[in-house]
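Asker: Got a structure for you, questions after.
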Amino acid sequence: MIVAAGESLIDLVPDAPPGAGPLSALVPRRGGGPYNTAVALGRLGAEAAFCSRVSTDAFGEALLDGLRAAGVATGLVQRGAEPTTLAVASVGPDGSAGYSFYAQGTADRLFELPERLPEAVRAVAFGTCSLVLEPGASAYEALLRREAGRGVLTLLDPNVRPGLIPDADAYRERFAGWLPYVSLLKLSEEDARWLGGSPEEWAAKGPSAVVLTRGAEGLTVFTGELTVSVPAVPVAVADTIGAGDTVNAALLHGLGSRAPSALDAAAWTDLLSFAARAAAITCSRPGAEPPYAAELVTADSVVPLRGVSTLVCVPDGPPLDGRQAALDLIGDALGRDAELVAVPVERLGPDFFSLRTGLAGEVVQKFGDYRLRLAVIGDVSHHVAGSTPLRDFVREANRGTHLWFADTIPALAARLTPRAQAAGHSPGQPADRAGATDGPG
């Protein structure tokens, strides 16, 4: 289990293009660096938990709903009647975000040191406002020292917010005092400039590795043995909110049971590239919306979607264009213990929706014979626009249990019921129809 420890809050994000001005309408979104890291971990398929103090107000309930939707455990969350912290975001022309915080007397500041974390915890991530705002900051610092002392991997992302720090020199001194208890330090170039040190200096004080995020220039890791860099993944940037938090989650999830000191240059290249892909997806959409594991696959892969083992197919694989192709895909799914197969619409053969061949019905029946579910991902409207029987087929399929249509992988994931919550449902049975398309027309 990986624990993200720190604040949750509500980001008020401009509902306008970057640089539109200070009086743009604001849209509330769930946020907070550690909170975003927890959600990203859950969406990547990690066993994750959130350790914090959350308000009992409506915003606090919405924050807990977001954790549960991502499959993040909330048993370590403390509750309080104080209001939820608010962060007003301003987004620059390049998509970079700045924040003004409204945190006086809020619930997350009153976090208390938990008696213990579960024995299954293998890593804890810390950072951002929670290590600044007292009295909670001292409790989080005590948790960092305690968990490091019992051998748990610790990640620190200072994610510096200068407007919240009354004494910069005192904070820099505290930061240096944390380093002997940190396994993996991750920070941005802006953080590094503000802190006034270098990755090599910080690595010498304790961390096995220091990962520096460099925006459009990519990511670099520094250890005592090597320096490895990977480029950023080009993307049309909506904003950068949550990108660094996504990197935290990708690093911890990608490490698995390995220590940072155990990785060689090739392993670091793979891990940093995975984190860069994940961050790029977060940057491509407004607010902190980290990717699901299925959005990061580069070859047909089995990933957990809401606890359902799913074979996610990539667009450029063999087309699903007949009985033998269906049997091949079914065999692949069964061989990997998948319960659901998600096929992008680009993988469907040109005759898949043809009334003449009846291929769609035949393929669906084959999957049903083997107790597998098939999901078609993407816009199918242009395939069935001219045929009322085909539109009816799509609608009826979506009401059944063997074939679904969804616009995106996240929309498909929203319909799935985790095993742990599936009382009375078979794995993969629809929990509801939210977020999925009922077909064109």
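The values are calculated or read from the model by the stated rules, or taken from the named source; none is laboratory data. For clarity, every value in this text was computed on a predicted model and none was experimentally measured. Reconstructed Cβ throughout: ideal geometry from the backbone, glycine too, with neighbour counts over all protein chains shown. Side chains are part of the model used for accessible areas, which takes the heavy atoms of the whole protein and leaves out ligands, DNA and RNA. Shrake-Rupley method; radii C 1.70, N 1.55, O 1.52, S 1.80 Å.
Asker: Report the local net charge at PRO135: Lys and Arg +1, Asp and Glu -1, summed over other residues whose C-beta lies under 14 Å from its C-beta. Don't skip to the end; give the middle numbers.
Answerer: Values: positive: ARG53, ARG109; negative: GLU7, GLU82, ASP108, GLU112, GLU134, GLU141.
Net local charge, PRO135 excluded: -4.
Asker: At 1.4 Å probe size, with no ligands or nucleic acids counted, give the accessible surface of THR298 in Å², nearest ten.
Answerer: The value for THR298 is about 110 Å².
Asker: For the chain, give the percent of accessible area contributed by carbon and sulfur heavy atoms, probe 1.4 Å, rounded to a whole number.
Answerer: The C+S portion of the solvent-accessible surface of the chain is 53 percent.
Asker: For a protection proxy built on the mean count of beta-carbon atoms within 10 angstrom, sort 368-377, 244-253 highest first, please. Please report the intermediate quantities before stating the final value.
Answerer: Values: 368-377: 19.2, 244-253: 27.9.
So the order, starting with the most tightly packed, is 244-253, 368-377.
Asker: Considering only segment 123-256, what is the antiparallel percent among its DSSP beta bridges, to the nearest 5? Walk me through the intermediate numbers first.
Answerer: On the way: 8 of 20 bridges.
That works out to approximately 40 percent antiparallel.
Asker: Hey, another quick one. From the square roots a ≥ b ≥ c of the eigenvalues of the alpha-carbon gyration tensor of segment 170-210, which class results: rounded (a/c under 1.5), prolate (a/b over b/c), or oblate? Can you show the working numbers first?
Answerer: Values: a/c = 1.80, a/b = 1.17, b/c = 1.53.
Oblate shape, in that a/c is at least 1.5 and b/c is the bigger or equal ratio.
Asker: Length gain on complete extension for the stretch LEU110 to LEU26, per 0.36 nm per residue less the alpha carbon to alpha carbon distance? Let's see the in-between values first.
Answerer: Working: separation 84, 0.36 × 84 = 30.24 nm, distance 2.71 nm.
Roughly 27.5 nm would be gained on extension.
Asker: Counting only other residues whose beta carbon sits under 9 Å from that of GLY32, what net charge do I get with K and R as +1, D and E as -1? Could the numbers behind the result be given before it?
Answerer: On the way: positive: ARG30; negative: GLU7, ASP11, ASP108, ASP245.
Here the count lands on -3.
Asker: While we're here: Most fluctuating residue of LEU416, LEU156, LEU327 in a GNM of the chain with Cα springs under 10 Å: which is it?
Answerer: Evaluated over the chain, the most mobile residue of the options is LEU327.
Asker: How much accessible area per residue does the chain have, in Å², with a 1.4 Å probe?
Answerer: The answer is 41 Å² per residue.
Asker: A follow-up question, please. Restricting to Cα pairs below 8 Å that are 6+ residues apart, what does the relative contact order work out to for segment 91-160? Please round to a whole percent.
Answerer: Numbers: 72 pairs, mean separation 23.5, N = 70.
Worked out over segment 91-160, it gives 34 percent.
Asker: Which of the three applies to segment 1-76, rounded, prolate or oblate, going by the alpha-carbon gyration tensor with a ≥ b ≥ c and a/c under 1.5 meaning rounded?
Answerer: Details: a/c = 2.69, a/b = 1.89, b/c = 1.42.
It is prolate, given that a/c is not under 1.5 and a/b is the larger ratio.
Asker: Could I ask something else about it? Mind ordering 157-165, 282-290, 121-129 by average Cβ neighbours within 10 Å, highest first?
Answerer: On the way: 157-165: 19.2, 282-290: 22.1, 121-129: 24.8.
The most tightly packed comes first, giving 121-129, 282-290, 157-165.
Asker: What is the angle, in °, between the Cα long axis of helix 136-149 and the longest principal axis of the Cα atoms in the chain? Nearest 10 is fine, range 0 to 90.
Answerer: 80 degrees
Asker: Using helices alone, I'd like the mean residue ellipticity at 222 nm for the chain: each DSSP H run of four-plus residues gives -39500 (n - 2.57), total over residue count, nearest 500.
Answerer: On the way: 13 runs with 138 residues, N = 441.
Only helices count here, giving -9500 deg cm²/dmol.
Asker: Antiparallel as a % of all DSSP beta bridges within the chain, to the nearest 5?
Answerer: Details: 25 of 65 bridges.
Taking every DSSP beta bridge with both residues in the chain, the antiparallel ones total about 40 percent.
Asker: Which order do you get for ARG150, ARG53 if you rank them by accessible area with a 1.4 Å probe, largest at the top?
Answerer: Numbers: ARG150 100, ARG53 35 Å².
Sorted by accessible area, descending: ARG150, ARG53.
Asker: Ordering LYS205, LYS186 by accessible area with a probe of 1.4 Å, largest first, what comes out?
Answerer: Numbers: LYS205 110, LYS186 5 Å².
Ranked list, largest accessible area first: LYS205, LYS186.
Asker: With N residues in the chain, what two-decimal value do you get for its Cα radius of gyration over 2.2 N^0.38 Å? The partial results should precede the final answer.
Answerer: Values: Rg = 23.1 Å, N = 441, 2.2 N^0.38 = 22.2 Å.
After normalising by residue count via 2.2 N^0.38 Å, the value is 1.04.
Asker: Counting Lys +1, Arg +1, Asp -1, Glu -1, what net charge surrounds SER229 among other residues with beta carbon under 11 Å of its beta carbon? Present the calculation step by step, with values, prior to reporting the outcome.
Answerer: Details: positive: ARG214; negative: GLU217.
Once positives and negatives cancel, what remains is 0.
Asker: Could you please state, rounded to a whole Å, how far the C-alpha centre of segment 319-384 is from the C-alpha centre of segment 195-209?
Answerer: 51 Å
Asker: Return a whole-number percent for the relative contact order of the chain, with Cα pairs under 8 Å and 6 or more residues apart as the contact set. Mind showing how you got there, number by number?
Answerer: Working: 943 pairs, mean separation 48.8, N = 441.
The normalised contact order for the chain reaches 11 percent.
Asker: What does DSSP give for segment 179-255 in terms of the percent of beta bridges that are antiparallel, rounded to the nearest 5?
Answerer: Given both bridge residues lie in segment 179-255, the antiparallel proportion sits at roughly 60 percent.
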